[in-house]
Structure formats: C-alpha cells, structure tokens
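Shown next, in structure tokens, is the structure this report addresses.
The values are calculated or read from the model by the stated rules, or taken from the named source; none is laboratory data. Model, not experiment: these values are computed from the prediction. FYI the Cβ positions are ideal-geometry reconstructions off the backbone, even for glycines, and counts take in every protein chain you see. Quick note on the areas: whole protein, heavy atoms, side chains included, nothing else; ligands and nucleic acids left out. Shrake-Rupley method; radii C 1.70, N 1.55, O 1.52, S 1.80 Å.
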Amino acid sequence: MAYSTKRRFMAGAVCPRCSKMDSIVVYNLDGKDFRECVSCDFKEEMRINVGTSELKTRVNHSEEDAQAVQVINIVSPSKD
C-alpha cells in the first residue's frame, strides 16, 4: 500500500486517455492502489514492480569495479 485512502491529486500527471494535465487522482481501496481521471472515465489499478535493480553509477559501483585496470596506448602522429 503506497497511497492513503484519501484521494489526492498528482501534480503534473497527464491522463493517458484524455491527455489533460493535473486531472489524475491516486488512492488506495481495499489494499490496492488506483489512479483515476476526474475529467473522463479512466480508472486503472497501479502495480509497482519491486524486482527492478538499481542502475550502476560511479557512486554505487563495487570495489572490484574500482580495482579494474584498463590499458591505454598513446599513439603519436607519424610525420611523412
């Protein structure tokens, strides 16, 4: 359960059906999260994927990645 039972507007959200901005409300009903448009009849249960992994960045890399050695060859231009 990510949302409360009270209906709350999502700022900047665009309805996928009528394309109106700031018309989406989110709420929880019987342990399920829903989003709904107040301008049209769009209503959808929201399912959050928990199995996603974090993207690898310079901040969250492992120590093994930091220890890796990379060989760089410097080539000087030839003079003809």
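Taking the criterion of being open to solvent by 100 Å² or more (accessible area, probe 1.4 Å), at negative phi, out of contact with any Phe, Trp or Tyr (no Cβ under 9 Å at 6 or more places or on another chain) and at pLDDT below 75, would at least one residue in segment 32-42 satisfy it? No, segment 32-42 has no match at all. Across segment 19-31, the number of residues qualifying as among the small types (G, A, S) and either under 18 Å from R47 (Cβ atoms) or surrounded by fewer than 16 Cβ atoms within 10 Å (Cβ to Cβ) (or both) comes to 2. Residues in segment 15-40 that are closer than 21 Å to T5 by Cβ and assigned to a loop (DSSP other than H, G, I, E, B): 4 in all. Selection of segment 43-80 for residues being over 19 Å from the mean Cα position of the chain (by Cα) and either open to solvent by less than 100 Å² (accessible area, probe 1.4 Å) or modelled with pLDDT under 70 (or both) yields H61, S62, E63, E64, D65, A66, Q67, A68, S76, S78, D80.
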